[in-house]
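Visitor: The structure under discussion is supplied below as structure tokens; questions concerning it will follow.
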Amino acid sequence: MGHSIETRVRNAVEAWLRWLPGWQPPTHRSRARVCRRCFGSPLTEAAGFGPDVPHAVQHALIMRLNAIVEHSVDAYTERNLPLLWRELRDAEARKRARPYRPADGLAPEYQGLELDPEPEPGQPFLFTLADLADDAAAEHRLPDPAPLSDEAKTSLRYEMALADDEATRVGMDVCLELMTFRPRIQQAVHEVVEPQIEALLSELTRSLDVPGGLL
Ligand SMILES: [Zn+2]
């Protein structure tokens, strides 16, 4: 058995608190697309992030917490769900056979984000990292897996439902534990994030407030 959920959540929050002082508000236009990992996640709610907290700040914590849930579900699957475990291992082997994997080895704060920035209208990219990975994969494709029998499909669906239940259980544990860190998270946002945003805003105001300016 590894560490308890309690220890893992504490480690994740502490790693995020160490990361936070290096964060800087983005000076460029932010992405319009909503992040599927953060938006509406019960973890975001449990962390107590308000709507004004910049996405990058939230994402860096949410991805560290997501990893706790994913590792727990993996361990549960390995122990209890042999069919699903084999499917996941095969899928993993196929992924590893890909020669170019731009999403591999990223720090938590960069995981789960789009690989490429959104294209500007009328200015398509010549190529994108996602296309490059797909092309490379197409050339090195492993043979397709043997199709499953109906019986095997039913068993697999049952195991997937069990894995889902486990993810819900662990997710709730992580949320409950995370709520005990809310004051520290909110204090860090107050001390580290808010002053940077205020500085950025007053900089903006100053640059508009020159003679002949807009204000
Ligand atoms: Zn996110």
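Visitor: If 71, 59 are ordered by their accessible area, calculated over protein heavy atoms with a 1.4 Å probe, which sequence runs from highest to lowest?
Guide: Order by accessible area, largest first: 71, 59.
Visitor: Continuing with this model, one more query. Kindly sort 150, 104 by accessible area of their heavy atoms, largest first, with the probe set to 1.4 Å.
Guide: Values: 150 115, 104 90 Å².
So the residues, ranked largest to smallest area, are 150, 104.
Visitor: Sort largest first and round to whole Å: the equivalent ellipsoid semi-axes of region 39-96, each the square root of five times a Cα gyration tensor eigenvalue. Can you show the working numbers first?
Guide: On the way: eigenvalues 193, 34, 12 Å².
So the three semi-axes of region 39-96 are 31, 13, 8 Å.
The values are calculated or read from the model by the stated rules, or taken from the named source; none is laboratory data. Computed from a predicted structure; not experimentally measured. Protein only, heavy atoms only, side chains kept; ligands, DNA and RNA dropped before computing areas. Shrake-Rupley method; radii C 1.70, N 1.55, O 1.52, S 1.80 Å.
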